[in-house]
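Following: one structure in structure tokens, then a few remarks.
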Amino acid sequence: MSSTAFGAGTGGGAIAARPDEEHETDYQDSDSATASLSSSILEYRAMHGRTYHSARHTTDYFTPNDGQQQQSVDLTHHYLTLFLDGKLFVAPLPEKMERILDVGTGTGIWAIDFADEYPDVEVVGTDLSPMQPTWIPPNMKFEIDDAALAWTYPEGHFDFVHIRYLFGAISDWLGLFKQAFRSLKPGGWIQDCEMDTTFYSDDGTLDGASAMLKWNQLYRESGAKTGASFNTIADNKQRQYLEEAGFVDVQIKTFKIPVGGWALDKKLAEVGGIAQMVLLNDIEGYTLALWHNVLMWPEDEYRPFLDQLRKALQNKKIHSYLLLRYAYGRKPESA
């Protein structure tokens, strides 16, 4: 049984905007704002003054792994948790679980929060880079792994597989979901949370924002060239691939996340302010490799583009938002 929901936080349709003079300004300025490892994993690649994960991995992820990007990763977790009213997941997980897997754990912030909230559950977080903290809850561990390769976990090992923000990193989503299906116990759940990288507006205020439209083009063309889409919601394949992988009771919930504090709803305004801060904190990290290494656009146009994009993101008259989707499903008891 499947269902699809579409809303702007707590309701459907367009997000109501507050008058320009009432916008919050807290997030307008970004400036204010254990695994044993082989040496090859720690050999980060340096490009254009930023560091990226080791070249030993097959997945060529587009964002850096340095401190500046890690700040944006943690801020992303903050606005997503705020958006869910403090919840860490939307899937109907059972009260009793033995172990769960967080795929693409990043800084490990979600996995650590889950381990703290569920101290009797073993939590495993995997990522391409060892950028997680060393002081972690006793019921969790981090492993360096490439989710695009064959998983080595036993069949029926986990009660829950959590995936978040792997857009632009996965070219074979069906294969990823099949591996998750195999590793889950019968009755176990998978949840995938993705955000499209396309800016939208419902009131036409985005039409003249050339830098934001250039951002949309950057991600659209980069995904087409690499074969790993940055717009999984627009592609609308999550339900299909989850069901083809064998999952049942698939649910899809899609929301609008404002960028900036322009929403009339107080919670959405706060969420949007943090989402804006995520981007302003590291616009370079989100665009550098795609611009220079994937599309190889003119180098002399890059810095002016960043300046224009920062101004557009802070323009209170632009009511932009991004699409967020939670997709989850259950492995049948008979599987």
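The values are calculated or read from the model by the stated rules, or taken from the named source; none is laboratory data. Here the structure is a predicted model, which means the values were calculated and not measured. Backbone-built Cβ (ideal geometry, glycine too); neighbour counts: all protein chains shown.
Side notes on the structure shown:
- Taken over region 123-139, the criterion of being hydrophobic (A, V, I, L, M, F, W, C) and over 22 Å from GLY67 (Cβ atoms) is satisfied by VAL123, VAL124.
- Some residue of region 185-195 being surrounded by fewer than 20 Cβ atoms within 10 Å (Cβ to Cβ), modelled with pLDDT of 95 or more, touching a Ser or Thr at 6+ places or on another chain (Cβ under 9 Å) and over 30 Å from GLU299 (Cα atoms): yes
- Evaluation of PRO258 against (1) closer than 16 Å to TYR79 by Cα; (2) out of contact with any helix residue (DSSP H, G or I) (no Cβ under 6 Å at 6 or more places or on another chain) (one fails), failing number: (2)
- Enumeration of residues in region 103-123 that are over 17 Å from the mean Cα position of the chain (by Cα) and of a type in the set (Gly, Ala, Ser): ALA115
- The residue list THR81, THR63 contains one member that is crowded, with 18+ Cβ neighbours inside 10 Å, over 17 Å from ASP145 (Cβ atoms), modelled with pLDDT of 60 or more and among the β-branched types (Val, Ile, Thr), which is THR63.
- Residues that are hydrophobic (A, V, I, L, M, F, W, C), surrounded by fewer than 21 Cβ atoms within 10 Å (Cβ to Cβ) and farther than 21 Å from VAL73 by Cβ within region 295-315 comprise LEU295, MET296, TRP297, PHE305, listed in sequence order.
- Selected residue (only one of LEU323, LEU288 is in a helix (DSSP H, G or I) and at negative phi): LEU288
- Residue, surrounded by the most Cβ atoms within 10 Å (Cβ to Cβ), within region 316-335, restricted to residues that are of a type in the set (Ser, Thr, Tyr) and within 15 Å of TYR241 (Cα to Cα): TYR328
- Helices (runs of 4 or more DSSP H) contained in region 188-276 and holding at least 1 residues under 26 Å from ARG310 (Cβ atoms) and over 20 Å from the mean Cα position of the chain (by Cα): 210-226
- Contact map, region 177-195: residues that are over 21 Å from LEU88 (Cα atoms) paired with residues that are of a type in the set (S, T, N, Q) and surrounded by fewer than 20 Cβ atoms within 10 Å (Cβ to Cβ), Cβ distance under 8 Å, separation 6+ or inter-chain. Pairs shown: PRO186/SER334.
- Note on region 145-156: residues that are in contact with a strand residue (DSSP E or B) (Cβ under 7 Å, 6 or more places away or on another chain) and modelled with pLDDT of 95 or more amount to 1.
- Hits in region 84-104 - residues which are modelled with pLDDT under 95 and in contact with a strand residue (DSSP E or B) (Cβ under 7 Å, 6 or more places away or on another chain): GLY104
- Of all the criteria given as (1) crowded, with 21+ Cβ neighbours inside 10 Å; (2) farther than 23 Å from GLN71 by Cα, the one not satisfied by GLY272 is (2).
- Verdict on LYS178 being among the basic types (Lys, Arg), touching a Gly at 6+ places or on another chain (Cβ under 8 Å) and either at positive phi or surrounded by 15 or more Cβ atoms within 10 Å (Cβ to Cβ) (or both): yes
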